[in-house]
């Protein structure tokens with residue numbers, strides 16, 4: 001009798017493992033963590049000269065309802081902060097060799113002739129202007145006049161119960177529903193009322209539960225949940 005029970009258990013174990021692994025494929029946290037890892041920066045420490053050091057903890061994102069805490073991060077207010085993938089247009093008056101397009105690299109930098117790397121991640125375009133002007137003015141250009149504009153925003157990502165999940169160019173004024181339309185619409189199993197956004201701010205990642213008309217920002221990871229019935 002015991003031998004029979006043991007044999008049944010042994011036959012059951014591989015099936016249980018297979019079911020468990022299959023479930024992981026639809027786990028929102030697993031998918032979002034994979035998306036962040038594909039972006040090349042799932043875990044890192046960001047130390048800025050003009051801000052306190054902060055350790056990113058993108059694996060431990062917490063889900064909050066939209067509007068939680070009223071912070072700039074959640075409600076999307078405040079100046080736009082640059083990050084990897086943003087493409088900038090830098091114009092230095094009277095310096096055609098310095099005036100060109102620059103894409104922020106994986107380290108959050110742009111490389112400008114004469115002054116080499118300039119940190120852009122976490123800064124506004126005005127702050128990048130000031131940093132470039134200061135370093136050029138130290139020894140290369142007298143009273144440099146610098147303008148920095150966003151030429152192209154970094155992309156957004158969408159996963160979960162959409163037909164064509166992946167990376168897409170950001171469109172100004174985009175909402176969650178717009179992002180879903182860009183990704184080919186809902187699958188048959190999708191919830192049409194339950195969405196999550198993973199957003200980065202100052203080196204940290206957080207998740208917020210949002211409605212369909214919630215604004216999407218560049219770099220956001222949108223996840224469409226599966227309905228429960």
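The values are calculated or read from the model by the stated rules, or taken from the named source; none is laboratory data. Since the model is a prediction, treat every value here as computed from it, not as a measurement. All Cβ positions, even for glycine, are placed from backbone atoms using ideal geometry, and neighbour counts span all protein chains on display.
Report yes if some residue within segment 150-161 is free of Cβ contacts under 8 Å to residues at least 60 places away in the same chain and in contact with a strand residue (DSSP E or B) (Cβ under 7 Å, 6 or more places away or on another chain); otherwise report no. No. Among residues of segment 199-213 being surrounded by fewer than 19 Cβ atoms within 10 Å (Cβ to Cβ) and in contact with a helix residue (DSSP H, G or I) (Cβ under 6 Å, 6 or more places away or on another chain), the one that is modelled with the lowest pLDDT is 201.
Of all the residues in segment 108-132, those that are within 30 Å of residue 197 (Cα to Cα) and either in contact with a strand residue (DSSP E or B) (Cβ under 6 Å, 6 or more places away or on another chain) or surrounded by 14 or more Cβ atoms within 10 Å (Cβ to Cβ) (or both) number 13. Residue under question is residue 138, and the condition is that it be closer than 30 Å to residue 214 by Cβ and surrounded by fewer than 20 Cβ atoms within 10 Å (Cβ to Cβ); does it hold? Judged against the criteria, residue 138 is not a match.
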